[in-house]
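Below: one structure, written as structure tokens.
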Amino acid sequence: MNRARGCLALACLLVNMAAWALPPGIMPVAGRPAPALQLNDFNGKPCNLADTAGHWRFVHFWASWCAPCRREMPSIQQAMHRLAGSGIEFVVVNTAESEDDVFTFLASVAPEILPLMDTDGLATAAWQPRGLPATFLVDPQGKIRYQALGGRHWNEPVYLDFLRHLPVRPATPAGNK
């Protein structure tokens, strides 16, 4: 009987540990402050990341010449629809391309996305992605908590569930305040 209880307890522990696992490609970050991000959107309207404090922010850097970005963008548009009203703010930043290139690209793969335009690449440089595409998840207090390098299917259940269940006040990793 004790052996059966021990096996049951171990099984419950393993199930709970699996629930805590991060989706493939999502890496925790020690909570460094997110760099400033003040850009105009594709229509010329100014946008400031600081204005969305209090919410999780999905900050995504991409370019139309990037093959993984091309494959990933439709899934971001779908995730935006599926997570509407969840409190997550999606910020999609094009890195140093012309408006014509961005318009042509988005018209064919994700026409509902309204990107911010980093025309000179300085905002991208401040965020220091290690390549494109790169996604940063910024907590409600303005700290980067997770990053994803390379493309992924954000509309898949594992990523949608992860994004839906981001904590309002994330735990601080040991040694970080």
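Odds and ends about this structure:
- Conditions (1) touching a Gly at 6+ places or on another chain (Cβ under 8 Å); (2) at pLDDT below 95: number failed by Cys7: (1)
- Thr135 vs. criteria touching a strand residue (DSSP E or B) at 6+ places or on another chain (Cβ under 6 Å), under 26 Å from Pro33 (Cβ atoms) and part of a strand (DSSP E or B): yes
- Only one of Leu114, Leu106 that is hydrophobic (A, V, I, L, M, F, W, C), assigned to a loop (DSSP other than H, G, I, E, B), under 27 Å from Val158 (Cβ atoms) and in contact (Cβ under 8 Å) with a residue 24 or more places away in the chain: Leu114
- Of the residues making up segment 123-138, those that are farther than 19 Å from Gly25 by Cβ and touching a residue at least 40 places away in the same chain (Cβ under 8 Å) are Ala123, Thr124, Ala126.
- Some residue of segment 96-117 being surrounded by fewer than 18 Cβ atoms within 10 Å (Cβ to Cβ) and in contact with a Gly (Cβ under 6 Å, 6 or more places away or on another chain): yes
- Lone qualifier among Ser86, Ser75 - being modelled with pLDDT under 95, under 16 Å from the mean Cα position of the chain (by Cα) and under 28 Å from Val158 (Cβ atoms): Ser86
- Residue-level check: of (1) crowded, with 19+ Cβ neighbours inside 10 Å; (2) over 12 Å from the mean Cα position of the chain (by Cα), Gly54 misses just (1).
- Each residue in segment 36-71 was checked for being within 24 Å of Ser108 (Cα to Cα) and assigned to a strand (DSSP E or B), and 8 pass.
The values are calculated or read from the model by the stated rules, or taken from the named source; none is laboratory data. Note that the structure is a prediction, hence the values are computed from the model and not measured. Every residue, glycine as well, gets a Cβ built from its backbone with ideal geometry; the counts of neighbours run over all protein chains shown.
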